[in-house]
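What follows is a set of notes on a single structure, which appears directly below.
No lab work stands behind these numbers, since they all come straight from the coordinates. Keep in mind that this is a model prediction, so the values were computed, not measured. Cβ atoms come from the backbone with ideal geometry, glycine included; neighbour counts cover every protein chain shown.
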Amino acid sequence: MPETVDHCPLCQSEISSLFDRRLFRGHQVVNRLCGRCGLVFQSPRMTPGELDEFYAREYRQVYQGEEGPTQKDLFVQHGRADALLGLMSAHGVAPARYLDIGCSSGILLKRFMEHFGCEVVGVEPGVAYRDYARKQGLTVYSDITELKGSADPRFDLISLAHVLEHLPDLVGYLVDLRVDHLAPSGWMLIEVPNLYAHDSFEIAHMISFSECTLRQTLKKVGYEVVALKKHGAPRSKILPLYLTLLARPATVAPADISIRPERNVALKRRLGMFWRRVLQRLFPRRAWVPIN
Ligand SMILES: [Zn+2]
């Protein structure tokens, strides 16, 4: 049975209101808006046990109709790897040890390994994708806890591309990564769908981030945001579908951080989706890049 989320996953407030209710591929999806910080989160949602089972087997079936990588998915992953590599280079990030959480078929890992000559490790809960990545010769674990006992559990770059929005305990997870796995001067690379341009409300998305709530999340868990980019790569040349962020461990203790609330979330969502429809109508081939 789904569980109700009583407290905001970011600020812990108990006050929230209904934000969106819809059917997503046969699943009822309900999102709520935190009355204090403006975070949009799914509630009720799958329990941790249901989520584990969902990601091991069902996730790709629900989203792609098959468990293993599809041509469309591989195309998107290659395009995303190019875009993320460009951002790394623009900020002078050159890792020696790189961890990709939710590494999928391992395309990003391979691209970074080839470009930087770095050591790479992946974490991927989906069985078919993990097997696919391992067959490419990559080291891929099913869960981050498998890294805890390893001789060198720290990395100078950790990426979560389209992962953060799936985490039921995003604050705890990000704190654990900083404390246990990120080198003190390491980099965090995060990409999530943008609430103000992406459909967002999917069964697997526990959180729907705006630029503001994403920044506040990173601040709260002890990171300093170095760069944040809104863009559509590789799916769109003009729609700001995604938020990509580069962060480092902060020098200020997380306890001293106060959250700046996001205001007018419903209005911003309506305007953003309206603008998306306008751009799609005016520039259809730039709004959605054809996938071969
Ligand atoms: Zn909140």
*Show that you can apply the helix-only estimate: for the chain, add -39,500 (n - 2.57) for every DSSP H stretch of four or more residues, divide by all residues, and state [θ] at 222 nm to the nearest 500.*
-9000 deg cm²/dmol
*asked:* Less than 15 Å apart at the alpha-carbon level, and either on another chain or at least 8 residues along: which aspartates and glutamates does that give for Lys237?
replied: Asp82
*Going from the alpha-carbon gyration tensor of the range 208-274, what semi-axes, largest first and in whole Å, does one get by taking the root of 5 times each eigenvalue?*
25, 16, 6
*What list do you get for Ser185, Ser43 if you sort them by fewest beta carbons within 10 Å?*
Ser185, Ser43
_26 Å Cα-Cα threshold exceeded, pairs from Lys135/Lys229; Lys72/Lys220; Lys148/Lys220; Lys72/Lys135_ = Lys135/Lys229; Lys72/Lys220
*Footprinting exposure proxy for Tyr223, Tyr141, Tyr132 (fewest neighbouring C-beta atoms within 10 Å first)*: Tyr141, Tyr132, Tyr223
*Summed side-chain charge close to Leu160 - residues other than Leu160 whose Cβ falls under 9 Å, Lys, Arg +1, Asp, Glu -1*: -2
*Part-to-part distance (alpha-carbon centres) for the range 159-202 and the range 80-143, which is given in Å*: 15 Å
*Cβ-placed point charges (K, R +1; D, E -1), dipole of the chain about Cα centre in debye, nearest 20*: 1560 debye
_What distance in nm lies between label points placed 7 Å from Cα along the C-beta direction at Ile291 and Ile15?_
4.2 nm
*Which distance in Å, rounded to a whole number, links the C-alpha centroids of the range 1-54 and the range 213-255?*
22 Å
_the range 48-287 - share of DSSP beta bridges that are antiparallel (%, nearest 5)_ = 45 percent
*When only DSSP loop residues count, what trypsin sites (Lys or Arg not before Pro) in the range 226-277 have their Cβ near at most 10 other Cβ atoms within 10 Å?*
Arg263
*Per the Debye formula with a single identical scatterer at each Cα and no solvent contribution, what log10 I(q)/I(0) holds for the range 48-287 at q = 0.10, 0.11, 0.12 Å⁻¹?*
-0.47, -0.57, -0.69
*Distance between modelled label sites at Arg270 and Thr4, nm, 7 Å Cα→Cβ extension*: 2.8 nm
*Segment Arg260-Asp169, extension gain: residue separation times 0.36 nm, minus the distance between their alpha carbons*: 30.7 nm
*How much length is gained on full extension from Ala227 to Asp176, taking 0.36 nm per residue of separation minus their Cα-Cα distance?*
16.2 nm
*With a cut-off of at most 14 other beta carbons within 10 Å, and DSSP calling the residue loop, which GluC sites (Glu not before Pro) in the range 1-53 qualify? Please list them.*
Glu14
_Between Asp143 and Phe283, how high is the FRET efficiency from 1/(1 + (r/R0)^6) when r is the Cβ-Cβ distance and R₀ = 35 Å? Nearest 0.05._
0.25
